[in-house]
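Heads up, the thing below is written out as structure tokens.
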Ligand code: G1P
């Protein structure tokens, strides 16, 4: 069967951001900036760099600023043009999404990641789709989703980005039961969401980047509750194994867990050091904290 092109991405952004309160009391956590752009923008830019053209945000109450961020800000653009601020104007223009290419769906109840993805069922239809969790901020070259899209072209079927973590931390993630470890690609015979450390089948964990086949939606629609009493995406994906190819990809690059305060702070430093306009000043002041 020919491999269908990957053009759609689902981005769950309904989470309450309790770990960042009070900063997230009146503001979506996905709008927290790393250097000078919000987390959600990194995720959208990464998806676009992988050739993705259509976006579905799974939102909730208090998330309207995310949608505003990708709209055309006409008055702002006119003011910048009048003041001759062409650089920032160009950047703002490159941000806005083509008309009709972004939709939002509300997840009215917090029933888990699997439920959030199921909310995108009309958008997904019969097509393969990517998922990007904006809390996982990736610093990769080529961008992480582009690496996954390339692997998908090779293998077809489902591909998730994976990394090794110390044993004692596997209980925070979706974990792979490995059928065959081929190095860059790992074929998967099972998946477990947040297993106890002594029951985990490996220390290869899923990070927030996926390419999935639309059939996963059918399994999610059963609304079976898993770890933490939530509908887990990992459990839905596990059901696909044996019916479709399923691979993990050891991506190249780094992940920052921006759902965690220390991870978020580290991301600020790493991304600032990656910016030629900022790196010298940041390197200089960091000396004072060594
Ligand atoms: C989610 C997934 C988990 C995955 C993780 C990656 O967990 O359920 O399988 O390993 O994202 O960040 P969460 O971080 O929402 O608890």
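Of all positions in region 233-251, at least one carries a residue that is surrounded by 19 or more Cβ atoms within 10 Å (Cβ to Cβ) and more than 15 Å from the ligand (Cβ to nearest atom). What's the total number of residues in region 6-31 that are in contact (Cβ under 8 Å) with a residue 60 or more places away in the chain, away from the ligand (no atom under 16 Å from the Cβ) and surrounded by fewer than 20 Cβ atoms within 10 Å (Cβ to Cβ)? So the count comes out to 1.
With respect to the stated conditions, residue 90 is exposed (fewer than 14 other Cβ atoms within 10 Å of the Cβ) and out of contact with any helix residue (DSSP H, G or I) (no Cβ under 6 Å at 6 or more places or on another chain). Of the residues in region 216-229, at least one is in contact (Cβ under 8 Å) with a residue 60 or more places away in the chain and in contact with a strand residue (DSSP E or B) (Cβ under 6 Å, 6 or more places away or on another chain).
Rundown of residues vs (1) at pLDDT 95 or above; (2) surrounded by fewer than 21 Cβ atoms within 10 Å (Cβ to Cβ); (3) within 11 Å of the ligand (Cβ to nearest atom); (4) over 16 Å from residue 132 (Cα atoms), yes/no style:
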{"residue": "144", "(1), (2), (3), (4)": "yes, no, no, no"}
{"residue": "154", "(1), (2), (3), (4)": "yes, yes, no, yes"}
{"residue": "194", "(1), (2), (3), (4)": "yes, yes, yes, yes"}
{"residue": "204", "(1), (2), (3), (4)": "yes, no, yes, yes"}
{"residue": "219", "(1), (2), (3), (4)": "yes, yes, no, yes"}
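Among the candidates 272, 267, which residue alone is over 21 Å from residue 133 (Cα atoms) and assigned to a helix (DSSP H, G or I)? Testing whether each residue is over 21 Å from residue 133 (Cα atoms) and assigned to a helix (DSSP H, G or I) leaves just 272. Against the test of being near the ligand (Cβ under 10 Å from one of its atoms), surrounded by fewer than 16 Cβ atoms within 10 Å (Cβ to Cβ), modelled with pLDDT of 95 or more and on the phi < 0 side of the Ramachandran plot, the options 172, 254, 209 yield a single qualifying residue, 172. Here residue 163 fulfils each of the conditions (1) within 19 Å of residue 50 (Cβ to Cβ); (2) away from the ligand (no atom under 14 Å from the Cβ) apart from (2). Quick one: is residue 110 within 12 Å of the ligand (Cβ to nearest atom), within 27 Å of residue 256 (Cβ to Cβ) and surrounded by fewer than 16 Cβ atoms within 10 Å (Cβ to Cβ)? Considered against the rule, which asks whether it is within 12 Å of the ligand (Cβ to nearest atom), within 27 Å of residue 256 (Cβ to Cβ) and surrounded by fewer than 16 Cβ atoms within 10 Å (Cβ to Cβ), residue 110 comes out as yes. Selection of region 56-71 for residues being touching a helix residue (DSSP H, G or I) at 6+ places or on another chain (Cβ under 7 Å) and surrounded by fewer than 19 Cβ atoms within 10 Å (Cβ to Cβ) yields 65, 70. Figure legend. Inter-residue proximity from region 60-71: first residues farther than 17 Å from residue 134 by Cα, second residues at pLDDT below 90, beta-carbon distance below 7 Å, spacing 6+ or different chains. Indicated pairs: 71/96. Residues in region 99-113 that are on the phi < 0 side of the Ramachandran plot and out of contact with any strand residue (DSSP E or B) (no Cβ under 9 Å at 6 or more places or on another chain): 5 in all.
The values are calculated or read from the model by the stated rules, or taken from the named source; none is laboratory data. These numbers come from a predicted model, not from an experiment. No Cβ is skipped: glycine too gets one built from the backbone with ideal geometry, and neighbour counts run over all protein chains shown.
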